[in-house]
Amino acid sequence: MTAPTASALHALARRAGLQPHWLDAWGHPQQVADATLRRLLQGLALACDTPAQCRASGARMDAEDAALGLPPLITADQGRPAAVPWRDGAEARPYRIELEDGGQLDGTAEPAADGTLCLAPVPACGYHRLRIGDAQTVLAVAPQRCFGVDDALRAAGHRSTLAAGERAWGLAVQLYGLRRGAPTGMGDLSALAQCCQAAAAEHADAVAINPLHAGFAALPERYSPYSPSSRLFHNPLYADPAAVFGQDAVDSAIAALGAGAAFAQHEARSEIDWPHLSRLRLSVLRWLWEHREQLLPPSALDACAAFRARGGTALHAHACYEAIQAARLAEAANGMNANGAADWRCWPVTLRSPTDTAVTAFAMAHPQEIDYHAFLQWLADDGRARAQQAARDAGMAIGVIADLAVGADPGGSQAWSRQQDFLDGFHAGAPPDVYNPHGQDWGVTVFSPRSLHRHGYGAFIEMLRANLAHAGGLRIDHVLGLARMWLVPAGASARDGAYLEFPLQVLLRLVALESWRHRAIIIGENLGTVPAHLDSALAARGVLGIDVLWFARAEPALRETDGTEPDAQVEAASTAPPPFLRAEDWPRHAVATTSTHDLPTVAGWWQGRDLAWRERLGLLATDETPQGARDARVRERTALWQALRDAGLAGADMPGPEHPPLDTVLAWLGRTRTPLRLLPLEDLLGVAEQANLPGTTAGHPNWQRRLDADVRRLFDTPVLRARARAVRQGQLPGAQRAR
């Protein structure tokens, strides 16, 4: 490619928000291949085969932005001047701000050097109406930072009552894996409520959970919580109908269906059979729905009707999607219309939008099916509300921390109902990094930053509110996506992608505003190839990062030793793992944790279970051998043990792989100075297997493992109570302290 052609291509890529150059996880500069850039730009409907096409595509984007005029929403910080984009910013202009509370602010917008108009600081947070002449827009004024852990502790009266030396902590659980002494086959929202109560008795202030987003009721084999159909609604499989109908009614349903033995068999399993269990649970829910008039009091029926009214067109669209997909799959099972029965993009053209007349006709012809799916959402929403209320009633300052997946299935409900806001033809993923040397394609679609801007960020705000409801906190999966997202063209290798920029400060302002409105803390999963200055931007806005034991490392320092030459020191440093940070030196703008669902547990890491899985499934890097990986883990264990010794928590003799120093590690975690420590339930129990092995869709039981412990009696044993105290106080029981 000639230099002018490459220059024009790169200029258009940058204009579209694509990054031709980036730094990988090792800090090495990388350049996106021109062929990849061209494929991405063409996927964004930007012609780029010649320099002339590149210039024309850029001019078209400029013209579209100019035609938009004043954007439908702009953001500003509370107490700071607001910048308003204005094509003709050479003159001062009078403005009026109509505040949410009914108040009014008048002023004169002064022209700024960058071509914008500058408004006086607005003291009140909220979504206000800004008028300048005949133009108007929403002015979203955000607080300087998100609602924080200290704010929650103070509001609950815990800040002054925390015992000296104790620190805030919580559990992190995979909800489906919980047991509560009932033949449910999976953990449900009643199990979550009971888990919160048990943890609160040990002075925990939070329980973080996996995403509860809506899956596909008609496709139960799609059960990954991070590949949902919609992030606006819930997975009804987590609903406990007994909380609304009573246990007697549920028992009657199970008996009528002859499902008692099947539920008992599922409860006895160590791994969830999602396809079979999903159909079983949904059959009970449908039976209860069909008998709701006889089983529910008028107040419950009224509550369901009110929920449906509040859900409006969004809830109706999701119910239509579920019903249409089920109907088309039923037709496919009978040999009709087999192609594309599940994916709305392959449906008849007349069904590809919730506003199509054929969709309206379907809903009118199948009102019972639409009612049924709305009813399922009501049950799930009611269960979420009950769980959070149970957590707060038990004394938790934060309660349930929900989880927001990074994207949605491109063939799912949210993409169908919000087509204008999503990128079509791309998947979100990640470039190669230390733990995933082949890169990752997550198979989900994400918002288009350009479309969000043009439509006032309505889809983003809607999603935040749906997930902050009934929660005391929200974990944003892959928060790096607020700054940039690795886009992989559908069908391409995960390596053949590029980063697309997102308006970080705009999105952070909206997150902070919704955080305070819901009085919920915000945690951003900032693991992976982190762009420069992202962590500082998150910290400035009060978004807590996640500090994981395995990544809490210090830069190795060369030491002077007798007879050791500098070259030998460098060679030794290249094979020695970076030392673990002292617990007291972990970053403070984060939650501290031993591990995550995508990483090995403490016991599994110490034993090398993750290495065995990676070897078995061919996930080792191209230059990595099984023996080399095991040798490296020995060095890693030695480094961790040294850190524990330096902290005065361990003695001289390092235990072997079969004896993980779990209690010692948990006490070390308790010494971190972060606002909140989250302890994975697997590490509380000493489980060796992790919940998910990234890069796999088969061969490893992702999202299927159930734990043996009954959440009602989670802390009945002295060992588990001691582990909770270790995290809370940063100390081992006296008998175990190193001498």
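The values are calculated or read from the model by the stated rules, or taken from the named source; none is laboratory data. Because the structure is predicted, anything quoted here is derived from the model rather than measured. Here the Cβ positions follow ideal geometry from the backbone for every residue, glycine too, while neighbour counts run over all protein chains shown.
Quick notes on this one:
- The residue pairs whose first member lies in segment 417-436 and is assigned by TED's automatic domain parsing to the domain that holds Ser229 and closer than 17 Å to Gly481 by Cα, whose second member is hydrophobic (A, V, I, L, M, F, W, C) and in a strand (DSSP E or B), and whose beta carbons are closer than 6 Å, counting only pairs six or more residues apart or on different chains, do not exist in this structure.
- Restricting the first member to segment 518-544 and to residues that are in contact (Cβ under 8 Å) with a residue 60 or more places away in the chain, and the second to residues that are acidic (Asp, Glu) and part of a loop (DSSP other than H, G, I, E, B), the beta-carbon pairs closer than 8 Å and six or more apart or on different chains are Glu525/Asp477; Gly528/Asp433; Thr529/Asp24; Thr529/Asp433.
- Considering segment 648-662, and only residues there that are surrounded by fewer than 20 Cβ atoms within 10 Å (Cβ to Cβ) and in contact with a helix residue (DSSP H, G or I) (Cβ under 6 Å, 6 or more places away or on another chain), the residue that is nearest to Leu599 (Cα to Cα) turns out to be Pro657.
- In segment 1-50, the residues that are in a loop (DSSP other than H, G, I, E, B), under 20 Å from Thr529 (Cα atoms) and not aliphatic (A, V, I, L, M): Gly17, Pro20, Asp24, Trp26, Gly27, His28
- Conditions (1) in a helix (DSSP H, G or I); (2) farther than 30 Å from Cys125 by Cα; (3) within 34 Å of the chain's Cα centre (by Cα): number failed by Ala59: (3)
- Lone qualifier among Gln31, Gln42, Gln53 - being free of Cβ contacts under 8 Å to residues at least 40 places away in the same chain and more than 22 Å from Phe502 (Cα to Cα): Gln53
Matching residues to (1) over 28 Å from the mean Cα position of the chain (by Cα); (2) assigned by TED's automatic domain parsing to the domain that holds Gly383; (3) surrounded by 21 or more Cβ atoms within 10 Å (Cβ to Cβ); (4) at pLDDT below 95:
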residue	(1), (2), (3), (4)
Ala239	no, yes, yes, no
Ala242	yes, yes, no, no
Leu257	yes, yes, no, no
His276	no, yes, no, no
Pro298	yes, yes, no, no
Asp302	yes, yes, no, no
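- Residue check for Ala358: farther than 21 Å from Phe216 by Cα, without any contact (Cβ under 8 Å) to a residue 12 or more places away in the chain and either assigned by TED's automatic domain parsing to the domain that holds Ser230 or of a type in the set (S, T, N, Q) (or both): yes
- Among the candidates Val446, Val488, Val511, residue that is surrounded by 22 or more Cβ atoms within 10 Å (Cβ to Cβ), under 23 Å from Tyr223 (Cα atoms) and within 17 Å of the chain's Cα centre (by Cα): Val446
- Segment 430-443, residues that are within 22 Å of Ser595 (Cβ to Cβ) and either crowded, with 19+ Cβ neighbours inside 10 Å or aromatic (Phe, Trp, Tyr) (or both): Ala430, Tyr435, Asn436, Gln440, Trp442
- Arg673 surrounded by fewer than 21 Cβ atoms within 10 Å (Cβ to Cβ), of a type outside the set (A, V, I, L, M, F, W, C) and not in a loop (DSSP other than H, G, I, E, B): no
- Taking segment 437-553 as the region of interest, none of the helices (runs of 4 or more DSSP H) fully inside it holds 1 or more residues being modelled with pLDDT under 95, in the same structural domain as Arg80 (by TED's automatic domain parsing) and under 24 Å from Ala140 (Cβ atoms).
- Taken across segment 171-183, residues that are under 23 Å from Pro236 (Cβ atoms), outside any loop (DSSP other than H, G, I, E, B) and touching an Asp or Glu at 6+ places or on another chain (Cβ under 7 Å) do occur, with at least one present.
- Selection of first residues in segment 13-28 that are surrounded by 19 or more Cβ atoms within 10 Å (Cβ to Cβ) and of second residues that are in a loop (DSSP other than H, G, I, E, B) and not aliphatic (A, V, I, L, M), restricted to Cβ pairs under 6 Å at least 6 apart or on distinct chains, gives the following pairs, ordered by first then second residue: Ala13/Pro20.
- For segment 40-47, the count of residues that are of a type outside the set (Phe, Trp, Tyr), buried (at least 16 other Cβ atoms within 10 Å of the Cβ) and farther than 26 Å from Arg495 by Cα is zero.
- Checking Arg96, Arg154 one by one, the residue that is surrounded by fewer than 17 Cβ atoms within 10 Å (Cβ to Cβ) and part of a helix (DSSP H, G or I) is Arg154 and no other.
- Candidate set from segment 605-655 (those that are of a type in the set (D, E, K, R) and under 18 Å from Phe580 (Cβ atoms)); member that is nearest to the chain's Cα centre (by Cα): Asp610
- Checking Val122 against (1) aliphatic (A, V, I, L, M); (2) part of a strand (DSSP E or B); (3) closer than 29 Å to Ala520 by Cα, the condition it does not meet: (2)
- In segment 656-667 there is no residue that is under 14 Å from Trp550 (Cα atoms) and assigned to a loop (DSSP other than H, G, I, E, B).
- Residue list for segment 616-639, filter: of a type in the set (D, E, K, R), loosely packed, with under 14 Cβ neighbours inside 10 Å and farther than 16 Å from Trp605 by Cβ: Arg616, Asp623
- Residue match in segment 495-508 (condition: closer than 26 Å to Ala397 by Cβ and over 14 Å from the mean Cα position of the chain (by Cα)): yes
- Complete set of residues in segment 582-636 that are farther than 25 Å from Ala405 by Cβ, in contact (Cβ under 8 Å) with a residue 60 or more places away in the chain and assigned to a helix (DSSP H, G or I): Ala583, Glu584, Val602, Ala603, Gln607, Arg609, Arg616, Arg635
- Boolean, Trp641 is assigned to a helix (DSSP H, G or I) and in contact with a His (Cβ under 7 Å, 6 or more places away or on another chain): no
- Picking from residues in segment 291-329 that are of a type in the set (A, V, I, L, M, F, W, C) and free of Cβ contacts under 8 Å to residues at least 12 places away in the same chain, the one that is farthest from Leu257 (Cα to Cα) is Ala309.
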